Amino acid sequence: MKHRVTLIPGDGVGPELAEAARLAIDATGVDIEWEVHDAGAEQMEKYGTPLPDHVLESVRRNKVALKGPITTPIGTGFRSVNVALRHELNLYACVRPCKSYPGVKKSVPGVDIVIVRENTEDLYAGVEFEAGSEEAKTIRSWAPNKIREDAAISIKPISVEGSRRIVKFAFEYAKANGRRKVTAVSKANIMKYTDGLFYKVAREVAEEYKGEIEYEEVLVDAICMQLVQRPHHYDVLVMPNLYGDIVSDLGAGLIGGLGVAPGANIGDEAAVFEATHGSAPKYKGLNKVNPTALILSGVLMLRHLGETEAADRLERAVAEVLAEGKYVTYDLKEDRNDPTAVGTREMAEAIAAKLK
Ligand code: NAD
């Protein structure tokens, strides 16, 4: 079956990584027609926006996109393209599998967890008020003993609907992927209404899966220590936006760093697959950085497209190249200055060669 996929190369190291990922994914033999569209600061001049409508339309039409990282310029008027994409397409679930592969130095062997992060609410909803603003003054008047006069204020909305759909997503993901347990993470002992609501809803959803998928709750501070000390105890973890952002970087650290951490942003209408890492501007155009994270995001994409067998083959090819440790980028070598390290393209070619 032929698939149409939107490819957004991104900027910084994005284009070279996108090219590498496309090469490896195409080597599986899955018939993909790539529709390439650019987004980011360079589109501003031409279209007046870093995220032109035709990019969004393409993703809406194809329902699936593979995306390289996009830089968020500091101090300019526009919002992060990454955040705008998630918002426009209502990609409410951020899925970050953290699986360690033999051969990846600094990874904890045997880790295989999946972090499901809510992508639309929480302190990241963008409801913020400057210190001294009228809004901040009004809010302060509700709790003058708790908020200092010179405080800036962020609002943390956590809704029943937002919590229910993300927890349900986590359970459905667990079911579809043969996982046994979902751990809900929050800080409900302190934030009784917001995080308390998250747990209340999570318990209700967990009831629907009783006997099928195990459910437990761990506070966010505790999970950080537990994931370092006994990561094998965990399986699928679901949490609100801010905790998810932080805990997924911890997860990336457990499996050897950003170069190997894939991800996906999924909604009911579309899914965008992208690495956890950013555009690493200092490495732009050097054919140097690790393509593994984006190629593994491609593995997730193939699974999403129903191409399970090809996804398994591509994942095995990546695992073999990592285990052999020969055709790998500098960050995967014992010594980062190892002259035998290969470039982005060469590593992708080594992975593609395993699929022949
Ligand atoms: P970054 O992830 O781009 O880079 C941090 C460091 O991690 C790099 O200097 C490099 O040492 C390492 N690294 C990252 N990717 C790697 C790879 N594939 N192989 C080897 N090493 C790798 O983080 P940053 O510097 O904080 O962000 C740069 C820009 O990217 C910012 O503008 C940020 O907003 C943006 N960003 C975009 C996304 C996205 O597109 N989804 C995600 C995160 C950050």
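Look at (1) more than 16 Å from the ligand (Cβ to nearest atom); (2) in contact with a helix residue (DSSP H, G or I) (Cβ under 9 Å, 6 or more places away or on another chain); (3) open to solvent by 50 Å² or more (accessible area, probe 1.4 Å) and you find that THR138 fails only one, number (2). If the condition is being outside any helix (DSSP H, G or I) and either within 16 Å of PHE169 (Cα to Cα) or not acidic (Asp, Glu) (or both), then the stretch 217-251 contributes VAL218, LEU219, ARG230, TYR234, ASP235, VAL236, LEU237, VAL238, MET239, PRO240. Of all residues in the stretch 8-16, none satisfies being assigned by TED's automatic domain parsing to the domain that holds LEU300 and closer than 20 Å to ALA310 by Cα. Number of residues in the stretch 172-190 that are closer than 12 Å to ILE115 by Cα and part of a helix (DSSP H, G or I): the value is 2.
Residues of the stretch 20-48 that are at pLDDT 95 or above, in a helix (DSSP H, G or I) and surrounded by 18 or more Cβ atoms within 10 Å (Cβ to Cβ): ALA20, ALA21, ARG22, ALA24, ILE25.
Out of GLU135, GLU212, GLU208, GLU149, which single residue is farther than 24 Å from ARG86 by Cα and in contact with a strand residue (DSSP E or B) (Cβ under 6 Å, 6 or more places away or on another chain)? Lay out the reasoning, then the answer.
Values: GLU212 fails: in contact with a strand residue (DSSP E or B) (Cβ under 6 Å, 6 or more places away or on another chain); GLU208 fails: in contact with a strand residue (DSSP E or B) (Cβ under 6 Å, 6 or more places away or on another chain); GLU149 fails: in contact with a strand residue (DSSP E or B) (Cβ under 6 Å, 6 or more places away or on another chain).
Testing whether each residue is farther than 24 Å from ARG86 by Cα and in contact with a strand residue (DSSP E or B) (Cβ under 6 Å, 6 or more places away or on another chain) leaves just GLU135.
Here is a list: THR120, THR71. Which entry is of a type in the set (S, T, N, Q) and farther than 23 Å from ILE158 by Cβ? Break it down into steps so the answer makes sense when it comes.
Working: THR120 fails: farther than 23 Å from ILE158 by Cβ.
One residue alone meets the criteria, THR71.
Considering only residues in the stretch 255-269 that are open to solvent by less than 10 Å² (accessible area, probe 1.4 Å) and more than 11 Å from the chain's Cα centre (by Cα), the one that is nearest to SER107 (Cα to Cα) turns out to be ILE255.
Any chance you could count how many residues in the stretch 337-356 are within 16 Å of the ligand (Cβ to nearest atom), closer than 18 Å to GLU19 by Cα and not acidic (Asp, Glu)? Write out each step before concluding.
If we filter the stretch 337-356 for residues that are within 16 Å of the ligand (Cβ to nearest atom), which is where we start, we get 337-338, 341-348, 350-351.
Narrowing the set further to residues that are closer than 18 Å to GLU19 by Cα leaves 342-348, 350-351.
Restricting the remaining residues to those that are not acidic (Asp, Glu) gives 342-345, 347-348, 350-351.
Counting residues in the stretch 337-356 that are within 16 Å of the ligand (Cβ to nearest atom), closer than 18 Å to GLU19 by Cα and not acidic (Asp, Glu) gives 8.
Applying the condition of being assigned to a loop (DSSP other than H, G, I, E, B) and open to solvent by 40 Å² or more (accessible area, probe 1.4 Å) to the stretch 49-70 and asking which residue is nearest to LEU258 (Cα to Cα) yields LYS63. Take the residues in the stretch 326-336 that are of a type in the set (D, E, K, R) and away from the ligand (no atom under 14 Å from the Cβ), then tell me which one is most open to solvent (accessible area, probe 1.4 Å). Among residues in the stretch 326-336 that are of a type in the set (D, E, K, R) and away from the ligand (no atom under 14 Å from the Cβ), the one most open to solvent (accessible area, probe 1.4 Å) is GLU334. Of all residues in the stretch 206-254, those that are polar (S, T, N, Q) and surrounded by fewer than 15 Cβ atoms within 10 Å (Cβ to Cβ) total 1.
If I filter the stretch 313-323 for residues that are within 23 Å of TRP34 (Cβ to Cβ), of a type outside the set (Asp, Glu) and touching an Asp or Glu at 6+ places or on another chain (Cβ under 6 Å), do I get at least one hit? No - not one qualifying residue is present in the stretch 313-323.
Suppose we filter ALA323, ALA310 for residues that are assigned to a helix (DSSP H, G or I), open to solvent by 30 Å² or more (accessible area, probe 1.4 Å), among the hydrophobic types (A, V, I, L, M, F, W, C) and away from the ligand (no atom under 16 Å from the Cβ); which single one remains?
Values: ALA310 fails: open to solvent by 30 Å² or more (accessible area, probe 1.4 Å).
Just a single option satisfies the conditions, and that option is ALA323.
If the condition is being exposed (fewer than 13 other Cβ atoms within 10 Å of the Cβ) and within 20 Å of ILE158 (Cα to Cα), then the stretch 174-199 contributes ASN189, ILE190, LYS192, TYR193.
Screening ALA65 with (1) away from the ligand (no atom under 13 Å from the Cβ); (2) in contact with a helix residue (DSSP H, G or I) (Cβ under 8 Å, 6 or more places away or on another chain) gives one miss only, at (1). Of the residues making up the stretch 144-168, those that are under 24 Å from the mean Cα position of the chain (by Cα), of a type in the set (Val, Ile, Thr) and part of a loop (DSSP other than H, G, I, E, B) are ILE155, ILE158.
Under 6 Å between Cβ atoms, at least 6 apart or on separate chains: pull out the pairs that start in the stretch 49-71 with a residue that is among the basic types (Lys, Arg) and end on any residue that is open to solvent by 10 Å² or more (accessible area, probe 1.4 Å). Pairs that qualify, where the first residue is among the basic types (Lys, Arg) and the partner is open to solvent by 10 Å² or more (accessible area, probe 1.4 Å), are LYS67/GLU274.
In the stretch 162-182, the residues that are of a type in the set (Ser, Thr, Tyr) form Cβ pairs under 8 Å with partners that are assigned to a helix (DSSP H, G or I) and modelled with pLDDT of 95 or more, at six or more places apart or across chains, as follows: SER163/LEU197; SER163/PHE198; SER163/VAL201; SER163/ALA202.
The values are calculated or read from the model by the stated rules, or taken from the named source; none is laboratory data. Since this is a predicted model, take the numbers as computed values, not measurements. All Cβ positions, glycine included, derive from the backbone under ideal geometry; neighbour counts span all protein chains shown. Keep in mind that these areas ignore ligands, DNA and RNA; they rest on the heavy atoms of the full protein, side chains included. Shrake-Rupley method; radii C 1.70, N 1.55, O 1.52, S 1.80 Å.
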